[in-house]
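Participant: Mind having a look at this structure? Questions to follow.
The values are calculated or read from the model by the stated rules, or taken from the named source; none is laboratory data. The model shown is predicted, which means the values in this text are computed figures rather than measured ones. Virtual Cβ from ideal backbone geometry, glycine too; neighbours counted across all protein chains shown.
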Amino acid sequence: MLRVSCLVLAFATLLPQVLHAQDTPLSQVLVELIQADVRLAPPSQPGFPTHEAHFVPGEDQVLAPYLFNQAIVSQLSAYPVGSSSGGFTYNFDPALGTYARSSNTFGPSFAERALTIGKGRLNVGGNYQHASFNTFEGKDLEGGDIRFYLTHEDVAGDQFFEGDLVETALDVDITTDTFSMFANYGLTSRFDIGIVVPVAHVRLDATVVASVLRLATENITGIHQFVGEESRETIVESGSATGIGDILLRGKYHFLPRGAGGLAAAMDLRLPTGDEENLLGTGATQAKFYVIGSGAVSRLAPHFNIGYTFSGDSSNEFLNVTDEFNYVVGTEIYASERLTVNFDVIGRQLIDSGRLVDQTKTFNFRNVAGQQGSASFNEFALRDGNLSLATSAIGVKFNPMRNLLISANLLLPMTDGGIRSNPVPVIGIDYAF
């Protein structure tokens, strides 16, 4: 226990404070871009009422930035951690009076196996991942494919020019870098405890191109325009933040030993230590309870994890942190005495999280001559329900010397729901004492 306490203290002293590279919190960047009202210059066309055209977001545009933020935070909260049993697991052999390896593989990378590390044993390590995101609900984040339409606010007299729209095309570049440090300790031969401390860096660069769509005013260019008599304006926001993410406390009990596996029960307690205003944490306490099964057949060591995550309310009123159903299925493959190959499918279902779906919306208008018309555009709208996410992971663990392990993995998204990343490389190292 003394070794664990010393390691936790060392981690705490090494962690950087949160650094902000901008005045606007990251959770507000998209809010300001998407939800903000757009004000145009006063009309220069003679004969039209003098007013500063004011285009306002609808209900869906108001919700959109918060769901974007929720998707980003949800992704960050799933940072990969090493198995709490570590790569080396031991059983005490009373006949020899020593500890012996209980498995010929080095364990999974993104799942748990039932085996525990062994009484009085300790393993420490860390892993690093870099993620860049390319789509949201199947639409490209870059290139302006995500669009919202702002309508003219009501003015006195039901003026025809209220039929114009402002189209806002969003271009977002989001990257995250997460380094997770972990320590696991065997309190007994069947009960392990652990801690994971993530340090995350989030970078967000966003651009909105706002364009006047003259549905009602047609070629009347002097009525709705930006400053400088332009029909288009580009708005840019960016920022970054670095700091501690949500710390994870872990416990696992191997209640049914069976050869090189069996069944175990585990709990992960995620603490709201990350800055939710800058997308470094959820702002909510989460408790995950799950069952672990594992075994060994020849060179294969299959495993499964099935659990449920209970989530409290976030301290950020705009983040809806929901309960989750979680599962992992996969296997370790014994390649040699020093090399294990891993494959996993990692699934999460966010309960009643709601999601944005692309649908057609029709806008009605009338022109200066009183003729009625309509135009249809695709934009996101809120739909109730669950959000299902699945990721495959393939990688290796290599033992170059003694109790040292080096791992390399690749995370590959399998679903288009929510925010989707490019393939995510993950590298790690851990050592068993």
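Participant: Are any residues in region 341-356 in contact (Cβ under 8 Å) with a residue 60 or more places away in the chain, in a loop (DSSP other than H, G, I, E, B) and surrounded by fewer than 20 Cβ atoms within 10 Å (Cβ to Cβ), and if so, which ones?
Facilitator: Of everything in region 341-356, just one residue is in contact (Cβ under 8 Å) with a residue 60 or more places away in the chain, in a loop (DSSP other than H, G, I, E, B) and surrounded by fewer than 20 Cβ atoms within 10 Å (Cβ to Cβ), namely 354.
Participant: While we're on this one: Within region 313-335, take every residue that is under 18 Å from residue 409 (Cα atoms) and of a type outside the set (Asp, Glu) and give me the one that is surrounded by the fewest Cβ atoms within 10 Å (Cβ to Cβ).
Facilitator: Here the answer is 335.
Participant: Which residues, taken from region 286-305, are within 20 Å of the chain's Cα centre (by Cα) and surrounded by fewer than 19 Cβ atoms within 10 Å (Cβ to Cβ)?
Facilitator: 287, the sole residue that qualifies.
Participant: Here's something else I'd like to know. Where residues in region 357-376 are in a loop (DSSP other than H, G, I, E, B) and free of Cβ contacts under 8 Å to residues at least 12 places away in the same chain, which of them is nearest to residue 331 (Cα to Cα)?
Facilitator: The selected residue is 371.
Participant: If we keep just the residues of region 382-430 that are farther than 30 Å from residue 58 by Cα and among the charged types (D, E, K, R), which is farthest from the chain's Cα centre (by Cα)?
Facilitator: 402
Participant: OK, next. Residues in region 209-229: is at least one part of a strand (DSSP E or B) and touching a helix residue (DSSP H, G or I) at 6+ places or on another chain (Cβ under 9 Å)?
Facilitator: Within region 209-229 (the criterion being part of a strand (DSSP E or B) and touching a helix residue (DSSP H, G or I) at 6+ places or on another chain (Cβ under 9 Å)), the answer is no, since none of the residues qualifies.
Participant: If you check every pair at least six apart or on different chains, which have Cβ atoms under 6 Å apart with a residue in region 256-273 that is closer than 17 Å to residue 308 by Cβ and touching a residue at least 12 places away in the same chain (Cβ under 8 Å) first and a residue that is of a type in the set (Lys, Arg) and assigned to a strand (DSSP E or B) second?
Facilitator: Cβ pairs passing all conditions: 264/252; 266/252; 268/250; 268/288.
Participant: Next question. Considering each residue of region 396-433, count those that are out of contact with any Pro (no Cβ under 7 Å at 6 or more places or on another chain) and free of Cβ contacts under 8 Å to residues at least 40 places away in the same chain, and give that number.
Facilitator: 7
Let's see how each residue does on (1) small (Gly, Ala, Ser); (2) modelled with pLDDT of 55 or more; (3) under 20 Å from the mean Cα position of the chain (by Cα); (4) buried (at least 16 other Cβ atoms within 10 Å of the Cβ):
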site	(1), (2), (3), (4)
9	no, no, no, no
23	no, yes, no, no
38	no, yes, no, yes
42	no, yes, no, no
49	no, yes, no, no
57	no, yes, no, yes
64	yes, yes, yes, yes
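Participant: Considering only region 380-433, how many residues are touching an Asp or Glu at 6+ places or on another chain (Cβ under 7 Å), in a strand (DSSP E or B) and over 20 Å from residue 331 (Cα atoms)?
Facilitator: The total comes to 3.
Participant: Just the residues that are more than 30 Å from residue 307 (Cβ to Cβ) and touching a Phe, Trp or Tyr at 6+ places or on another chain (Cβ under 7 Å), please, taken from region 333-362.
Facilitator: Listed by number, the residues that qualify are 338, 358, 361.
Participant: Conditions: (1) in contact with a Phe, Trp or Tyr (Cβ under 8 Å, 6 or more places away or on another chain); (2) at pLDDT 90 or above; (3) not in a loop (DSSP other than H, G, I, E, B). Residue 131 meets all but one. Number of the miss?
Facilitator: (1)
Participant: Looking only at region 191-207, decide whether some residue is surrounded by fewer than 18 Cβ atoms within 10 Å (Cβ to Cβ), in a loop (DSSP other than H, G, I, E, B) and without any contact (Cβ under 8 Å) to a residue 40 or more places away in the chain.
Facilitator: No.
Participant: Consider region 159-190. How many of its residues are among the polar types (S, T, N, Q), buried (at least 22 other Cβ atoms within 10 Å of the Cβ) and at pLDDT below 90?
Facilitator: 1
Participant: Then there's this: List pairs: first residue in region 162-182 and assigned to a strand (DSSP E or B), second residue basic (Lys, Arg) anywhere in the structure, Cβ distance under 8 angstrom, at least six positions apart or on different chains.
Facilitator: Note: pairs meeting the criteria are 167/147; 168/147; 169/147; 170/147; 173/203; 174/203; 175/203; 176/203.
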